[in-house]
Amino acid sequence: MKLMISVIIPTKNSGDTLQKLLYSLENQTYRNFETIVVDNNSMDSTREIAERMHSIVVNFGPERSAQRNKGAEIAKGEALLFLDSDMELTEHILERCISGMSTSDALCIREKVVAGDNYWARARAFERDAYFGSLYFEAARCFRRKVFNKLGGYDASITGLEDMALQAKLIEGGYRIGWIDDPILHHEEDVGFKEYMRKRRIYGRTDKQFRDKFPEYWRILRSPLLRSRVVLRHCARMSEPSALKYIPPIVLMRSAELIARRQ
């Protein structure tokens, strides 16, 4: 019997993006799955879209980690895949997740950022791709259900770094982490430098909680040198000298973020 995978999607006023994600789920080559949309009091068409496309819909908050944990609580699948409402799956993702679960406890999936055509957006997409394959700068989003429950799920006291907090628990616990090269398309907002920094400041409000719980991992995430090594290795793998043009904006964004999020 094929394993079931539960796809859990937290939403809040996601009517503009959710339908694309749900359509991409309908087109998956692996069919034994359920879709759970955990909505936080949306005022738009989010719930109607989810219900029309045969998702299980529950209302819960107050934020993303609590919503994800609620979805995991009611899920029936042996594997749990957590997605954002502005994502879109390539057709083999669920198949790859089930295959990867045979040898792994959790899976990191390549994420391709689709965020417009300005310079900052292209630099952000390049940086995101550089982190794939990095144990410390990438976070798993698919888990064996038993492992997820044993780890206690997402930490609702941490916002912005909750994915990395769960990754830290995986690493500390010695769990097997695998990698899926098939990409998830992430349709991020087309934002410039100022908007990017505004969001980083919001996410930085719970940095102290993360630092106190995972001091060694915090040191790694805050290290410009370690991040630079990862990005430069990605440049070398690409063998495209033009990729170096993204180094200055990445350095600028990360340096400004370190100052904005200083505790």
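The values are calculated or read from the model by the stated rules, or taken from the named source; none is laboratory data. These figures come from a predicted structure and were not determined experimentally. Glycine gets a Cβ as well: all are built from the backbone with ideal geometry, and neighbour counts include every protein chain shown.
Per-structure values
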{"read-out": "Selection status of Met43, at pLDDT below 95, of a type in the set (A, V, I, L, M) and surrounded by fewer than 17 Cβ atoms within 10 Å (Cβ to Cβ)", "value": "no"}
{"read-out": "Lone unmet requirement of (1) touching a residue at least 24 places away in the same chain (Cβ under 8 Å); (2) touching a Leu at 6+ places or on another chain (Cβ under 9 Å) for Glu63", "value": "(2)"}
{"read-out": "Checking Ser24 against (1) within 16 Å of Arg141 (Cβ to Cβ); (2) in contact with a Phe, Trp or Tyr (Cβ under 9 Å, 6 or more places away or on another chain); (3) polar (S, T, N, Q), the condition it does not meet", "value": "(2)"}
{"read-out": "Qualifying helices (runs of 4 or more DSSP H) (wholly inside the stretch 115-218; at least 2 residues being at pLDDT 95 or above and closer than 28 Å to Ile74 by Cβ)", "value": "145-151, 162-172"}
{"read-out": "Residue within the stretch 103-114 that is in contact with a Leu (Cβ under 7 Å, 6 or more places away or on another chain), closer than 19 Å to Arg237 by Cα and basic (Lys, Arg) present", "value": "yes"}
{"read-out": "Candidates Glu51, Glu34, filtered to the one that is at pLDDT 95 or above, on the phi < 0 side of the Ramachandran plot and part of a strand (DSSP E or B)", "value": "Glu34"}
{"read-out": "Residue in the stretch 164-172 that is on the phi < 0 side of the Ramachandran plot, surrounded by 20 or more Cβ atoms within 10 Å (Cβ to Cβ) and polar (S, T, N, Q) present", "value": "yes"}
{"read-out": "Test set (1) closer than 19 Å to Arg141 by Cβ; (2) outside any helix (DSSP H, G or I); (3) at pLDDT 95 or above - Leu94 fails condition number", "value": "(2)"}
{"read-out": "Complete set of residues in the stretch 18-31 that are surrounded by 15 or more Cβ atoms within 10 Å (Cβ to Cβ), out of contact with any strand residue (DSSP E or B) (no Cβ under 8 Å at 6 or more places or on another chain) and part of a loop (DSSP other than H, G, I, E, B)", "value": "none"}
